[in-house]
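Below is one structure, written out as structure tokens; comments come after it.
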Amino acid sequence: SCVHTGNCFVPISEIIAVEETEFNKKQRNIGRWQKMAKLHAFTVHYVKKARNHRWRCSGATFWCVDEHLCNQWTQALKELLEMQKSRPKQLLVYINPFGGKRQGKRIYEQKVAPLFSLASISTDVVITEHANHAKDNLFEVNIYKYDGVVCVGGDGMFSEVMHGLIGRMQKDSGIDQNNPKASLVQCNIRIGIIPAGSTDCICYSTVGISDPVTSALHIIVGDCQPLDVSSVHHNNTFLRYSVSLLGYGFYGDILKDSEKKRWMGPMRYDYSGFKTFLSHHCYEGTIAYQPAKHTNGSPRDKESCRTGCYICKQSEKQLAEQNKEHGLKHEEGEEEWKIIKGKFLAINAVNMSCACPRSPKGLSPAAHLADGSADLILVRKCSRFDFLRYLVRHTNQDDQFDFPFVDVYRVKCFQFTSKLSEDNESNVMDIGKKRFGQFCRDHPACCCNIVNSTWNCDGETLDSSAIEVRVHCQLMKLFARGIEEDCKDEAAHSQSSIEQLL
């Protein structure tokens, strides 16, 4: 159902609020209306879509002299909004006041809180005071009284809230997170992201833009986007969850170097990236993976993940059928593991495209948000010039996997063991049981003290280089619609106008 405002139709699902409006003298001083004793009016606040997936709150005011008719319209619209059951009424909000440019609190108070108030959403706000404040708090509060949790900050703040929420769900269900083969309980409490950090990759990859107002409106209208989550273990010990990038080699080294330069602010990533590129380290190791045979897509597809993605829906069904027929453990025991050994400049596993303003298509343009798989990208040892060509491909429209030294696989789980092991516990699935000798960087004149790279897990470093990774299909849900296809004709989405309902 839709309401007709001016020259456009607005679906009821995209109306934010309806409120009675008082007319002042200036507003009434037009034409024949100025002779009227009293006008009755109501305003419809709705989502107005702009370019590049940006949403704004707009308003259209309707008036007439018949008070009863005006009330009838207002009441009918409010009843229709009440029927939108997916909309949140009470939210728990965590604000990181230190992230990015330290603007989180200001962004929330000035841009987001007024919209929540307009939509009659009540909020409990927590200003985080230290690392893991939100995560620890989520284990204590009664989360079941909320319709969702909102985090105001960057990717780090989202990761903290996600770990708290998923961890709380597993604890309440008696599931041991340290068991890498555990079937985790889905988290049905949605998370909303208000971008206010130095990196907002997750927001950009799920909404299409990093904009606080757009994200607030996605939360208000109650959108829901399922999201795959990867669990990362080492020797039956849980390390972290990942939703965007797991990177070893190039992206791990950038993160490790940038952590020492936090005083530089967001600029530290550029500096560390250039330094890491010049060092050109490569690392030897073994990767074992299981192909994601349940998904219809492939990393080389031209099909991007969009709102209501058919591939995600079909992949979810096929995965559920496979697990029902065989059971998780039986299936993994039976299915063959593919093994790859080599020297790599970068090993990246992504659950989503990892798009951002600098790389609009991301690390894997055809990666899907909710198909129960990750794209495993292996960049083998090559020259600096070739590696630069690969990196530049992320900023343009060319196929970034079209290099002889780049391999990409769609997987449901994988394991990695580096050749250089600092302990005897790096054995994974009987791979690398020998203690390997020391390995050096890909540098003609130098041989010696190079250690393992670091895993970059959604912007946090992992101490262990030997890891086991498993994708959990649609483990959590976001307040997001996914990235919509550009639609020039907004009226094409509407089926009927509100006049037909009255």
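Model label sites at T461 and T395, defined 7 Å from Cα along the beta-carbon direction, differ in position by 2.7 nm.
Here's how it looks for A17: its modeled amide H is under 5 Å from those of H45, which are all 5 or more places away or on a different chain.
So if R0 is 25 Å, what FRET efficiency would W63 and K85 give, r being the distance between their Cβ atoms, rounded to the nearest 0.05? Using R0 = 25 Å, I get an efficiency of 0.25.
With R₀ set to 35 Å, the beta-carbon distance separating Q110 from R358 gives a calculated FRET efficiency near 0.85.
By per-residue mean of other Cβ atoms within 10 Å, what is the highest-first order of 309-322, 348-361, 73-86, 148-161?
Working: 309-322: 17.4, 348-361: 21.2, 73-86: 14.1, 148-161: 26.0.
Most protected by this proxy first, the peptides run 148-161, 348-361, 309-322, 73-86.
For region 29-142, the relative contact order works out to 19 percent when only alpha carbon pairs closer than 8 Å and six or more residues apart are counted. Surface composition of region 59-181: carbon and sulfur atoms hold 48% of the protein heavy-atom accessible area at a 1.4 Å probe.
Extension gain, S279 to S173: 0.36 nm times the residue separation minus the Cα-Cα distance gives 33.5 nm.
Per residue, how much space in cubic angstrom lies within the convex hull of the C-alpha atoms of region 182-264? Walk me through the intermediate numbers first.
Working: hull volume 11.4 nm³, N = 83.
Dividing the Cα hull volume of region 182-264 by its residues yields 138 Å³.
Provide the per residue accessible area, probe 1.4 Å, for region 20-172, rounded to a whole number of square angstrom.
On the way: 8450 Å² over 153 residues.
Result: 55 Å² of accessible area for each residue.
Please calculate the 1.4 Å probe accessible area of C473, with all protein chains present, and give it to the nearest 10 Å². In the full protein context, C473 sits at about 30 Å². Given their separation in residues at 0.36 nm each and the Cα-Cα distance between them, K313 and D270 gain 11.7 nm when the chain is fully extended. Put the Cα centre of region 91-161 next to the Cα centre of region 187-219 and the gap is 12 Å.
The values are calculated or read from the model by the stated rules, or taken from the named source; none is laboratory data. The structure presented is a predicted model; accordingly, all values stated were derived computationally and were not measured. With ideal geometry, Cβ positions are generated from the backbone for all residues, glycine too; neighbour counts draw on all protein chains shown. With ligands, DNA and RNA removed, areas are computed over all heavy atoms of the protein, side chains included. Shrake-Rupley method; radii C 1.70, N 1.55, O 1.52, S 1.80 Å.
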